[in-house]
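Chemist: Please read through the structure below; I'll follow up with questions.
The values are calculated or read from the model by the stated rules, or taken from the named source; none is laboratory data. These numbers come from a predicted model, not from an experiment. Side chains are part of the model used for accessible areas, which takes the heavy atoms of the whole protein and leaves out ligands, DNA and RNA. Shrake-Rupley method; radii C 1.70, N 1.55, O 1.52, S 1.80 Å.
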Amino acid sequence: MGGITNEREAWRVSLHGGHSGDYCDHATGALRAMLEAAVDAGMSVFGVTEHAPRLEPRFLYSEERARGWDVAKLQADFARYQVEVSALAGEFADRLMVLRGFEAEVVPARDYARQMRAYRDATLPDGRSVFDYFVGSVHYVEEIQIDGRPENYRRAADALGGVEQLAVRYYETVAEMVATLRPEVVGHFDLIKKNVRAAGFDPALLETDRARAAADLALDAVRAHDAILDLNTAGWRKGLGEPYPAPWLIAKAHARGIPFCFGDDSHAPAQVGAGLDEARAYLLTLGVPAITVLTCDGDSLARQVVPLAP
């Protein structure tokens, strides 16, 4: 299947999401149901980006431990995912362009680059690439998870000497991840804001001169490595009142010529495509006239600029 041919729906795309209950402890619904929901939502391209497994027990979520999961299960599930997403991409090809992807992690700090590159370079038994692309995300700062429980966010801030320094280190980690992994898409660029209020901090501390300077350097890395920024609608779903990234970051990215894509960050069939209409209006209001969409033909990945206005 080549490029997008239905221009009317060409912008209705997600390149970050499709997390399913088959492979993710905090998702619900089967992967097949996620793809059926994408068809029903009128999506033209749907990128499935299951989380890469964390390969050390210390990084297991408390919820995973409570369910009796271990590293071996995460690895086995990810291996099953690779087979199923490839099979489903072929099965759905006449109704939906399914891109096979994953969402990278930055732990363990000493070795994540090798592990994530190995996933990116994996092949199926017939020699085809397992994955078409991947999303580079930062969920950990100094190996402490920042997007789960608020108490972990507080622990990360305490370890770094305050929430401003946590924000600085977060954006430094984003820059390092982009330069090291060179992902096609960078996920939820300002995820650092998700738990700031719940953890008891002033959100203004995420936008100090030092924090903004660190964000600038991260955006410079995104531009230097020609990555696409995920306009991630989950921020609305999480009660933040805005998606990721915030308007001030949209302005900085757009001024640098950094392209955007949409990501619904779906973790259930009902979340597939959620917020895309709002995301389209959000970008247009902020002066961004188009998104960049990934398409795939065999093992050949291509970019397509899709206008948002009729």
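Chemist: Checking the a/c ratio against 1.5 first, then a/b against b/c, what shape does the Cα gyration tensor give for the chain?
Modeler: Working: a/c = 1.58, a/b = 1.15, b/c = 1.37.
Judged from the Cα gyration tensor, the chain comes out oblate (a/c at least 1.5, b/c at or above a/b).
Chemist: Can you tell me the accessible area per residue over the chain, all protein chains present, probe 1.4 angstrom, in square angstrom?
Modeler: Per-residue value: 39 Å².
Chemist: Val130's amide H: which non-local residues (gap 5+, or another chain) put their own amide H closer than 5 Å, with H modeled 1.01 Å from N in plane and none for Pro or chain starts?
Modeler: Placed amide hydrogens put Ala122, Thr123, Leu124 under 5 Å from Val130.
Chemist: Would you mind telling me which residue in Ala218, Ala204, Ala37 has the biggest mean-square fluctuation in a Gaussian network model of the chain, where springs connect alpha carbons within a distance under 10 angstrom?
Modeler: Fluctuation is largest for Ala204.
Chemist: Moving on to the next point. Would you mind classifying the range 188-233 by shape? Square roots of the alpha carbon gyration tensor eigenvalues, ordered a ≥ b ≥ c; an a/c under 1.5 is rounded, otherwise it is prolate if a/b is larger than b/c and oblate if not.
Modeler: Numbers: a/c = 4.14, a/b = 1.57, b/c = 2.64.
Oblate, since a/c reaches 1.5 and b/c is not below a/b.
Chemist: Ok, one more. Apply the a/c threshold of 1.5 to the C-alpha gyration tensor of the range 86-217 and tell me whether it is rounded, prolate or oblate. Before the final figure, lay out each step's value.
Modeler: Numbers: a/c = 2.53, a/b = 2.15, b/c = 1.17.
Verdict is prolate for the range 86-217.
Chemist: Run down the lysines and flag those whose C-alpha is under 21 Å from the C-alpha of Lys194, throwing out any fewer than 8 positions away in its chain.
Modeler: Straight-line reach from Lys194, under 21 Å: Lys238, Lys252.
Chemist: DSSP H helices in the chain with Cα extent of 20 Å or more along the helix axis and mean Kyte-Doolittle hydropathy at least 0.0?
Modeler: Numbers: long enough: 71-91 (30 Å, 0.17); 163-181 (26 Å, 0.48); 209-224 (22 Å, 0.02).
Qualifying helices: 71-91, 163-181, 209-224.
Chemist: Another one. What are the residues whose amide H is under 5 Å from the amide H of Leu99, where those residues sit 5 or more places off or on another chain and H is modelled from the backbone?
Modeler: Close amide H contacts, sequence-distant or interchain: Phe46, Gly47, Val48.
Chemist: When the accessible area of the range 73-185 is computed with all protein chains present and a 1.4 Å probe, what percentage of it is carbon and sulfur?
Modeler: Values: 2060 of 4430 Å².
After summing per-atom areas, the C and S share lands at 47 percent.
Chemist: Here's another thing I want to ask about it. Taking θ as phi - 60°, what are the ³J(HN,Hα) couplings along the range 303-309 by the Karplus curve (6.51, -1.76, 1.60), each to the nearest whole Hz, with x for Gly and Pro?
Modeler: Those phi angles translate into 10, 9, 7, 10, x, 8, 7 Hz.
Chemist: Rank Lys252, Lys238 by accessible area, highest first, at a 1.4 Å probe radius?
Modeler: Numbers: Lys252 50, Lys238 110 Å².
The most accessible residue leads, giving Lys238, Lys252.
Chemist: Let me ask something additional. Using only protein heavy atoms and a 1.4 Å probe, report how much of His225 is accessible, in Å² to the nearest 10.
Modeler: 50
Chemist: Non-local amide H neighbours of Val185 (under 5 Å, H modeled in plane, Pro and chain starts lacking H): which ones?
Modeler: Distant-sequence amide H within range of Val185: Phe134, Gly136, Ile228.
Chemist: Moving to a separate point now. Using θ = phi - 60° and the Karplus form 6.51 cos²θ - 1.76 cosθ + 1.60, what ³J(HN,Hα) does each residue of the range 41-51 get, whole Hz, x for Gly and Pro?
Modeler: 7, x, 5, 9, 9, 9, x, 9, 10, 4, 5
Chemist: While we're on this one: What fraction of the DSSP beta bridges in the chain is antiparallel, stated in percent and rounded to the nearest 5?
Modeler: On the way: 12 of 31 bridges.
Expressed as a percentage, antiparallel bridges in the chain total about 40.
Chemist: Tell me, what ³J(HN,Hα) does each residue in the range 129-145 have, in order and in whole Hz, if you take phi through Karplus 6.51 cos²θ - 1.76 cosθ + 1.60 with θ = phi - 60° and put x for Gly and Pro?
Modeler: Each residue's phi maps through the Karplus curve to give 5, 5, 10, 7, 6, 8, 9, x, 10, 10, 9, 10, 10, 6, 6, 10, 5 Hz.
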